[in-house]
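Encoded as structure tokens, the structure appears first; notes follow it.
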Amino acid sequence: MRRYTGPDRVVRRRPCWGGTGVAVLCYCLSLTPSLLPRAWWLQGLAAGVSAAVGYAVGAVLETVARLLLRWAGARIRPQVRRTLWAALGVLGAAAVVTVTAWSVRWEGQVRRAVTLPPHIVWWQWALVPVVAA
């Protein structure tokens, strides 16, 4: 038996398109109104966990789709791939900003519904994507 004595092997790979797309979708869905108000840091934590699970699901779906495309003999051209990444970047960033801004309003409505003061500091909710990342 041969022993490997070199440095530890690290596998690095770029993020996949399907995983990133589903992660953005799950992040946005995690910010929809809930029955009880949440603190900004707890919302960020929930959004991060949701995005991580969404990335895993999207990566599995993309792997299955690639296998099916390979089996069918089809290939995605590099130009189409670059266009899809650019669209995902623009639409994903816009979705994250928009849904995070809406969640502040939704959270204020939930707080009023349970007779709490609707005091929401905007800069704390601006940190939700940072905590989620």
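Expressed as an acute angle from 0 to 90° and rounded to the nearest 10, what is the orientation of the C-alpha long axis of helix 17-30 relative to the principal long axis of the chain?
Helix 17-30 and the main axis of the chain meet at about 10 degrees.
Just to confirm my numbers, what's the Cα centroid distance between the stretch 28-90 and the stretch 96-131 in Å?
That distance is 23 Å.
What's log10 of I(q)/I(0) for the stretch 54-130 at q = 0.16, 0.18, 0.20, 0.26 Å⁻¹, Debye sum over Cα points only, no solvent?
-0.78, -0.87, -0.96, -1.19
Against the longest alpha carbon principal axis of the chain, how many degrees, from 0 to 90 and to the nearest 10, is the axis of helix 78-113 turned?
Relative to the chain, helix 78-113 is tipped by roughly 20 degrees.
At a 1.4 Å probe, what is the % contribution of carbon and sulfur to the accessible area of the chain?
Details: 6800 of 10070 Å².
Answer for the chain: carbon and sulfur cover 68 percent of the accessible area.
How far apart, in nm, are the 7 Å Cα→Cβ label points at A65 and V131?
Simple spin-label model gives 3.1 nm for this pair.
Suppose each label sits 7 Å from its Cα in the direction of the beta carbon; what would the V114-R81 distance come out to in nanometres?
Spacing of the two 7 Å Cα→Cβ label points: 4.6 nm.
When only Cα pairs under 8 Å and 6 or more residues apart are kept, what is the percent relative contact order across the chain?
38
Just to be sure I understand, if you calculate Rg and Dmax of the Cα atoms in Å for this structure, which of (i) 14.3, 52; (ii) 19.7, 69; (iii) 14.8, 46 do you get?
Of the labelled values, this structure produces (ii).
The values are calculated or read from the model by the stated rules, or taken from the named source; none is laboratory data. Computed from a predicted model, the values in this text were never measured in an experiment. No Cβ is skipped: glycine too gets one built from the backbone with ideal geometry, and neighbour counts run over all protein chains shown. The protein model used for the area step is the full one, side chains on, heavy atoms only, and it has no ligands, DNA or RNA in it. Shrake-Rupley method; radii C 1.70, N 1.55, O 1.52, S 1.80 Å.
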